[in-house]
Amino acid sequence: MQRIAIFFIAACGFAAAPTTDIKVDQAGYLPGGPKVALVVSEALAKEFTVRRTGNDSVAFHAKLPPPVQDADSGDLVQTADFSKLAKPGRYYLEVAGVGRSWDFAIGPDVYARVFYLAMRSYYGQRCGTAVDLGPEFPGYKHAACHLEGAYHPSSGKTGPHVSAKGWHDAGDYGRYIVNSGISTGTLLWTWELFGARIRQVKLNIPESGNGTPDILNEIRWNLDWILSMQDEDGGVWHKQTSERFCRFILPEKDTTISYVIGTGHEPYKSSCATGDFAAVMAIAARAYRPFDEAYGQKCLRAALQAWSWIEKYPDVQFHNPAGVGTGDYGDSDCGDEHLWASAELWRTTGDEAFERYFLTHFGDYRKSIRPVGPPSWPNVAPLALWTYALGHGKNAEAVAAITEDSLSAAGQIVERSARHPYRISLTSTDYIWGSNGVAGNYGVELLVANALRPDSRFVETALDNLHYLLGRNTFSLSWVTQVGANPLHHPHHRPSAGLGLPEPWPGLMAGGPNRTRQDPAMRKLPNLPPAKMYLDEQASYATNEVAINWNAPLVFVLAGGMGVK
Ligand SMILES: [Zn+2]
């Protein structure tokens, strides 16, 4: 009886397991936009069919063009374009001789759930408090952690220091100002650019319903920690971590002391951290004033103090002091952080002194808005330039130059992505540690260009990068945990390992392919093209760690996609 039933299902075709040879965005596609799946198979099929999930009726049928070789993966790629299919629903692709794809949706709200999970993942990363994802994700919880803080000898002070709030940076439990800087800045920009779309999104966090939009509630948890890292003289210590990474345990089981770590010599604080701090606090002052005037003012005062410090100490670099082995986030040039602080402070206060600093220095950084190499934690100059243009700076010539640079770079990214067999913006050299974050930040670059001068191609290419992250890649893998039918399962993430549940914590994006073998687990990989250098293994921190600075551009691009028809 069972055998007959299986035969019946197989004959109808709809119960066959999906194949990784057909690559779709497993979250889905917007009704009015381009819709493309990719087929990689030696079968070299001639046509494809889109069927409705449930009754398997044909919704769309078309020919497949000849394959194109993708140098970065080695794949022979055929493009299945079903853009004309606009009716909301659930579908799958079928290709004779190849198989069927995972299910996907077409609808105006296909990114709402991913946005919710990706933004709510920051709640799971909260330090200093108990976290529980509730009945939606039973068992995903941890107790209050890292409550014991102290000054490390490298900080210039001694004794206890608060260890309060903040987000665990990545797969480890450290908190780092520089990486928090671009992450928190990108999320605050998400609010500033797309607030109308996301202000009603309830993240189901303890603060939900307090009258402030939940994205700002969640960001504030990290801002409060960032504020606690400022010294009385205005300077900001680089990081707060244990001296060494702990084992793969839940955060509350890590009982090491959380040290405020400095440079080890006068003035102990570092310029890049202080510049990032000033920029982020200046944005926060704008964002929170309408909801909590006093908090906005507090952020602004902190930003101004940090500015005074970096004016005095523009070039104090950070390197791990003796005895400290956690992340370095070292940066040999803090000029871009200084510039970002000036631009955000100008945008918030309108003070001519900040504008003068910006206009004196921005020309040195115009090349940072480029077609290859979007913003990243060591390179925040594009954010400085963009905030001046987005804030309608008074110097029309500067605004015009920044706008033209941005449109030119975005135009080149669009053309390159359109030619790419996987329709992504990544170049061969972009497959670095955190390449998925690079793909996300190309999306940010494109959506900012669109904000400066609307162009549907910019938005479509940003979403092409999103499609790659959510399954339209050589592995047919969704690189966001618990999103899509075929997501990664084994991120380098201590809270996931500590729980030992079948699936990791939801909404976290993995770093992705890395052309360089930067961890021991990668040694087993044969010589592969760059896009294939990836392992869904906990041990592979250089391809499968998660990080707050990679989730931030994901959140930004998802919010950008949520408003498109
Ligand atoms: Zn913690």
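If the condition is being without any contact (Cβ under 8 Å) to a residue 60 or more places away in the chain and more than 21 Å from T326 (Cα to Cα), then segment 232-260 contributes only E232. The residues in segment 166-196 that are aromatic (F, W, Y) and assigned to a loop (DSSP other than H, G, I, E, B) can be counted, and the count is 1.
Just a yes or no: is a residue in segment 293-307 away from the ligand (no atom under 16 Å from the Cβ), touching a Phe, Trp or Tyr at 6+ places or on another chain (Cβ under 9 Å) and in a loop (DSSP other than H, G, I, E, B)? No, every residue in segment 293-307 fails to be away from the ligand (no atom under 16 Å from the Cβ), touching a Phe, Trp or Tyr at 6+ places or on another chain (Cβ under 9 Å) and in a loop (DSSP other than H, G, I, E, B).
Just one residue in the set A164, A150, A144, A130 is over 24 Å from P553 (Cα atoms) and either in contact with a helix residue (DSSP H, G or I) (Cβ under 6 Å, 6 or more places away or on another chain) or of a type in the set (K, R) (or both); that residue is A164. Are any residues in segment 19-29 surrounded by 24 or more Cβ atoms within 10 Å (Cβ to Cβ) and not β-branched (V, I, T), and if so, which ones? Matches in segment 19-29: K23, D25, Q26, A27, G28, Y29.
Only one of the listed residues (S183, S208) is among the hydroxyl-bearing types (S, T, Y), surrounded by fewer than 23 Cβ atoms within 10 Å (Cβ to Cβ) and under 21 Å from L133 (Cβ atoms). That residue is S208. Of everything in segment 345-381 that's part of a helix (DSSP H, G or I) and of a type in the set (V, I, T), which residue is surrounded by the fewest Cβ atoms within 10 Å (Cβ to Cβ)? Once the filter is applied, the top-ranked residue is T360. For segment 407-442, filtered to residues that are part of a helix (DSSP H, G or I) and hydroxyl-bearing (S, T, Y), the residue that is surrounded by the most Cβ atoms within 10 Å (Cβ to Cβ) is Y442. Take P553 and decide whether it is surrounded by 22 or more Cβ atoms within 10 Å (Cβ to Cβ), touching a residue at least 24 places away in the same chain (Cβ under 8 Å), part of a helix (DSSP H, G or I) and in contact with a His (Cβ under 7 Å, 6 or more places away or on another chain). No. Before we move on, is N473 assigned to a loop (DSSP other than H, G, I, E, B), at pLDDT 95 or above and either within 19 Å of Y122 (Cβ to Cβ) or not basic (K, R) (or both)? It is true that N473 is assigned to a loop (DSSP other than H, G, I, E, B), at pLDDT 95 or above and either within 19 Å of Y122 (Cβ to Cβ) or not basic (K, R) (or both).
One residue alone among L30, L64 is farther than 20 Å from R113 by Cβ and at pLDDT 95 or above, and that residue is L64. Of all the residues in segment 212-234, those that are within 16 Å of the ligand (Cβ to nearest atom) and of a type in the set (A, V, I, L, M, F, W, C) number 4. Residue pairs whose Cβ atoms lie under 7 Å apart, sitting 6 or more positions apart in sequence or on different chains, and linking a residue in segment 33-51 that is part of a strand (DSSP E or B) to a partner that is of a type in the set (S, T, Y), are V36/T79; A37/S101; L38/T79; L38/Y422; V50/Y91; R51/S57; R51/Y91; R51/Y92. Of all residues in segment 127-148, those that are more than 14 Å from W221 (Cβ to Cβ) and among the charged types (D, E, K, R) have Cβ atoms under 8 Å from Cβ atoms of residues that are more than 9 Å from the ligand (Cβ to nearest atom) and in a loop (DSSP other than H, G, I, E, B), 6 or more apart or on another chain, in D132/Y140; E136/N204; K141/A130; K141/L133; E148/T255; E148/I257.
All conditions in (1) in contact with a strand residue (DSSP E or B) (Cβ under 7 Å, 6 or more places away or on another chain); (2) surrounded by fewer than 20 Cβ atoms within 10 Å (Cβ to Cβ); (3) not in a loop (DSSP other than H, G, I, E, B) hold for D224, with the sole exception of (1). Residues of segment 147-161 that are touching a Pro at 6+ places or on another chain (Cβ under 9 Å) and within 15 Å of the ligand (Cβ to nearest atom): E148, G149, A150. Considering segment 443-468, the residues that are of a type in the set (D, E, K, R) and closer than 20 Å to Y388 by Cβ include one that is surrounded by the fewest Cβ atoms within 10 Å (Cβ to Cβ), namely R453. If I filter segment 121-146 down to residues being among the small types (G, A, S) and part of a helix (DSSP H, G or I), which single residue comes out as nearest to the ligand (Cβ to nearest atom)? Among those residues, the one meeting the criterion is G124. Exactly one residue among R90, R113 is away from the ligand (no atom under 16 Å from the Cβ), within 20 Å of the chain's Cα centre (by Cα), touching a residue at least 12 places away in the same chain (Cβ under 8 Å) and not in a loop (DSSP other than H, G, I, E, B), and that residue is R113.
Name the residue that is nearest to the ligand (Cβ to nearest atom), counting only residues in segment 167-191 that are within 19 Å of E337 (Cβ to Cβ) and among the small types (G, A, S). Once the filter is applied, the top-ranked residue is S180.
Taken over segment 235-279, the criterion of being assigned to a helix (DSSP H, G or I) and either touching a Leu at 6+ places or on another chain (Cβ under 7 Å) or within 14 Å of the ligand (Cβ to nearest atom) (or both) is satisfied by P251, E252, K253, A278.
The values are calculated or read from the model by the stated rules, or taken from the named source; none is laboratory data. Being a predicted model, the structure only gives us computed values, none of them experimental. Here the Cβ is made from the backbone with ideal geometry for all residues, glycine too, and neighbour counts use every protein chain on show.
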